[in-house]
Each structure stands twice: as structure tokens, then as C-alpha cells.
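First up is the structure itself, then whatever we jot down about it.
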Amino acid sequence: MNTFIQWLSWQFFEMPQNILSAWRNFLLFNLNYFSIPLLLRTFFSPWRKYKWSYGKGFDFAKYIEVFFSNFISRVIGAILRTFLIIIGIIIEIFIIFIGAFVFLAWLILPMLLIFGIYYGCKIFF
């Protein structure tokens, strides 16, 4: 096979597939790293599983204290999970834009090379 044809095949078929595959891997890694699906499923769970027991018997003051302690633990969990989800989504959007830029830049590079050679020869001669 002609070397030029091999290069065209590599430049416009093989490498774009590899770039898209790598881009997909980065997106999936970010979702896994920030555990966004898990954070959404456990949104109102207590933070770090900090839970207080009601104990045996019924003491109204202790019941109220434990109830509010568990409630605060769940609120803190929801707030921190919200921040983690937002940060994960922001990084996910960043990866989408960077991946699109890399993919389009890879497809445009040969045209920039030809333009650079033409413009360089025009300036030189």
C-alpha cells in the first residue's frame, strides 16, 4: 500500500478512533473518581455514616438530641455531596470541551501544516 494512503488512513481513521476512545475513558474515569452516581443515590445518607443510637427506653430529651444529631449529620452529608457532585460535573464539562478541542485540532493539523508550508515558502521566496 502507498505510504501516503497509509498516512491518510492513520491520520483520519485510526487516530480519531483512538482519540474518541481515550476521551470516553477520561469521561468514565471522572464519573468513577467523583462517584457521582453513588453520591446521587446516597444523597441524604449521613456523612461518613455518623449515626447516633436512640438507646433503650424512652427519654424525650435524649430522643430529641439524637434526632437532631442524626438530622444534622444528614444535612452535612447532603451539603458536602452537593459540592462534590458540582465539582465532578464541572470537571466533566471541562473534559468534554478539552476532548472536543483535541479531536478537532487533530483533524485540522494537516491543513495547518499545508498552510504553514505554503505561507513559509511565500515569505521566503
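Before moving on, here are some points about what is shown:
- Which listed residue is in a helix (DSSP H, G or I), more than 30 Å from TRP23 (Cβ to Cβ) and in contact with a helix residue (DSSP H, G or I) (Cβ under 6 Å, 6 or more places away or on another chain), from ILE76, ILE91: ILE76
- Residue match in region 65-72 (condition: of a type in the set (Gly, Ala, Ser), closer than 26 Å to PHE12 by Cα and either out of contact with any helix residue (DSSP H, G or I) (no Cβ under 9 Å at 6 or more places or on another chain) or modelled with pLDDT of 90 or more (or both)): no
- Taking residues in region 2-15 that are within 17 Å of LEU109 (Cα to Cα) and free of Cβ contacts under 8 Å to residues at least 40 places away in the same chain, and partners anywhere that are aliphatic (A, V, I, L, M) and exposed (fewer than 12 other Cβ atoms within 10 Å of the Cβ), the pairs with Cβ atoms closer than 9 Å and at least 6 places apart or on different chains are SER9/MET1.
- So LEU104, is it in a helix (DSSP H, G or I), free of Cβ contacts under 8 Å to residues at least 40 places away in the same chain and either under 21 Å from PHE26 (Cβ atoms) or among the polar types (S, T, N, Q) (or both): yes
- Sole residue being modelled with pLDDT of 90 or more and touching a Leu at 6+ places or on another chain (Cβ under 9 Å), chosen from ILE91, ILE95, ILE86, ILE79: ILE95
- Subset of region 23-47 [assigned to a helix (DSSP H, G or I) and in contact (Cβ under 8 Å) with a residue 12 or more places away in the chain]: TRP23, PHE26, LEU27, ASN30, LEU31, TYR33, PHE34, ILE36, LEU39, LEU40, TRP47
- Any chance SER35 is on the phi > 0 side of the Ramachandran plot and among the polar types (S, T, N, Q): yes
- Test: LYS51 is part of a loop (DSSP other than H, G, I, E, B) and touching a residue at least 12 places away in the same chain (Cβ under 8 Å): yes
- Given (1) touching a Pro at 6+ places or on another chain (Cβ under 6 Å); (2) under 30 Å from TRP7 (Cα atoms), index of the condition ARG74 fails: (2)
- LYS62 meets each of the listed conditions (1) without any contact (Cβ under 8 Å) to a residue 12 or more places away in the chain; (2) among the charged types (D, E, K, R); (3) outside any helix (DSSP H, G or I) apart from (3).
The values are calculated or read from the model by the stated rules, or taken from the named source; none is laboratory data. Note that the structure is a prediction, hence the values are computed from the model and not measured. Don't worry about glycine lacking a Cβ; one is built from the backbone with ideal geometry, like all the others, and counts go over all protein chains shown.
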